[in-house]
Amino acid sequence: MSGRVIVITSGKGGVGKTTTNANIGTALARAGKKVVMIDTDLGLRNLDLLLGLENRIVYTIVDVVESRCKLKQALVKDKKNPNLCLLAAAQTRDKTAVTEEQLKNICEELQKDFDFILVDCPAGIEQGFQNAVAGASEAIVVTTPEMSAVRDADRIIGLLEAKEEIKSYKLLLNRVRPNLIKSNDMMSVEDVVEILSADLIGIIPEDTGIITSTNKGDPIVNDENSLAGKAYNNVARRIIGEDVPFLNLEEDNGVIAKVKRFFSGLIGKEK
Amino acid sequence: MKDIFQDLFNKVFGFFRQAEKEENAKDTAVNRLRVVLMQDRTNLTPELLEKMRGELIELLSKYVEMDKDALELNFEQEGNQMALMLSIPVLRAKDEDEIEEAENNIDDAESEDDEEIIEEDSTETDAEENSLSEEVAENDEPKEEESNTKPKENKSK
């Protein structure tokens with residue numbers, strides 16, 4: 001087995017890299033894939049919180065590279081899904097504790113046992129970014145329809161273009177607000193895609209459910225009724241290679257529309 | 001009575017004109033981003049663009065008489081290609097005699113400049129300026145390596 005190593009990056013902080021990582025990882029695992037997530041944000045680890053695994057971490061990636069434990073010992077299994085593992089970042093060390101070469105070796109080792117290795121990249125374009133990208137051959141660039149996030153994404157795309165190891169990258173547009181786009185107060189998906197001229201892999205609507213799911217340590221893809229959860233699930237299916245159309249985010253959520261959808265769903269099933 | 005109508009007409013007309021002029025937040029964002037990304041990608045600072053603009057005016061006014069203030073120099077993006085767009089409002093083309101005259105003038109001016117530089121070469125201010133401009137040139141080089149000037153390939157496919 002040779003798993004795919006995908007780095008999830010953005011340049012700007014706070015656009016939803018870690019949330020994206022947790023949700024795509026969980027969705028891929030739910031689809032039956034063996035997934036490991038690596039948090040490379042040394043000193044500012046958060047992926048464990050989003051997955052609700054913060055109390056289970058014994059060893060971190062720094063313990064692995066400093067030979068205090070074997071790689072397999074440091075992998076924390078998810079509560080719900082045995083297909084999902086986390087290699088946590090060290091909270092007490094900084095970005096220099098792990099080198100590009102070491103991360104590359106860890107990724108190569110994990111490729112033998114997992115279908116997907118998702119690398120959560122720290123914000124910025126310094127060494128932390130270089131480390132995270134080192135072992136990856138694919139990238140997902142997370143951005144939001146805001147000027148500063150798009151500008152930073154453009155910078156990241158420029159850096160990814162220059163890396164020979166990165167064979168492909170895709171854009172994930174997060175925190176999209178259809179109402180603001182409709183009133184011409186926010187850049188549309190098309191605007192961002194045109195400006196960055198990159199292929200899109202997902203459009204995630206802004207969803208207050210993300211806050212509650214983060215608070216619970218339970219990724220939103222586990223919630224069948226959430227639109228953001230659905231959108232993240234679709235991203236995972238596209239990664240696997242399925243051709244999934246983008247969600248219509250301008251769905252009418254009025255009562256009548258819901259009833260209509262309910263009935264059209266019934267008719268659809270009967271066919 | 002006529003005045004009231006006139007007033008009303010102006011108000012209504014003015015209202016529509018205002019609404020037309022006002023750019024929405026989304027368009028402002030897109031336009032500002034386009035400009036700033038062109039600068040990021042090429043490393044051409046506004047000062048350098050202004051310098052380029054000045055030199056282009058100087059060169060082109062040899063051949064045409066133009067509205068210098070209305071000259072526009074912009075980067076535009078079409079798909080993966082970036083283009084430098086120059087829009088020049090031409091008032092009138094010059095004839096051969098004028099072009100020849102302009103050439104002679106420029107030659108004269110250049111030789112005069114040269115002389116001046118030779119004369120002032122030993123002064124301190126000039127030496128400082130030279131070293132400054134050298135520094136700028138040096139600083140520019142490593143930046144260019146980092147920048148993503150090259151047109152985007154279809155890696156994303």
Next on the checklist: Suppose only helical runs count, i.e. DSSP H with n ≥ 4. What mean residue ellipticity at 222 nm does that imply for chain A under -39500 (n - 2.57) per run, divided by all residues and rounded to the nearest 500 deg cm²/dmol?
Outcome noted: -12000 deg cm²/dmol
Item to check | Range of Cα positions in chain A per principal axis (Å), largest first | outcome: 61, 38, 33
Item to check | With DNA, RNA and ligands ignored, accessible area of A:LYS95 (1.4 Å probe; Å², nearest 10) | outcome: 60 Å²
Next on the checklist: I'd like the orientation of helix A:255-270 relative to chain A: the angle between its Cα long axis and the longest Cα principal axis, in ° from 0 to 90, rounded to 10.
Outcome noted: 80 degrees
Checklist entry - Which whole number gives the average, over all residues in B:23-32, of C-beta atoms from other chains lying within 10 Å of the residue C-beta? => result 5
Item to check | Mean Cβ count within 10 Å, highest first, over the residues of peptides A:210-216, A:129-135 | outcome: A:129-135, A:210-216
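How big a patch of accessible area, both sides summed and in Å² to the nearest 100, lies buried between B and A at a 1.4 Å probe?
Details: alone 13650 and 13560 Å², together 24890 Å².
Using a 1.4 Å probe on protein heavy atoms, the buried area is about 2300 Å².
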Item to check | Pairwise FRET efficiency - B:ARG34 versus A:ARG68, Cβ, R0 = 51 Å, nearest 0.05 | outcome: 0.50
Checklist entry - So what's the convex hull volume per residue for the Cα atoms of segment A:42-107, in Å³? => result 85 Å³
Item to check | Theoretical gain in end-to-end length, A:ALA31 to A:ASN225 [0.36 nm per residue, Cα-Cα removed] | outcome: 68.1 nm
Item to check | 0 to 90° range, to nearest 10: angle between helix A:100-111 axis and chain A longest Cα axis | outcome: 70 degrees
Checklist entry - Once fully extended, how much extra length lies between B:ALA102 and B:GLU23, figured as 0.36 nm per residue of separation less the alpha-carbon to alpha-carbon distance? => result 24.1 nm
Item to check | Protein accessible area in chain A, 1.4 Å probe - carbon and sulfur % | outcome: 49 percent
Next on the checklist: Let's test the formula: R0 of 51 Å, r as the Cβ-Cβ distance of B:GLU72 and A:ASN215. What FRET efficiency results, to the nearest 0.05?
Outcome noted: 0.45
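The values are calculated or read from the model by the stated rules, or taken from the named source; none is laboratory data. Not measured: the values here are computed from a predicted model. Every residue, glycine among them, receives a Cβ derived from its backbone with ideal geometry; neighbour counts consider all protein chains shown. Calculation scope for accessible area: heavy atoms of the full protein, side chains included, ligands and nucleic acids excluded. Shrake-Rupley method; radii C 1.70, N 1.55, O 1.52, S 1.80 Å.
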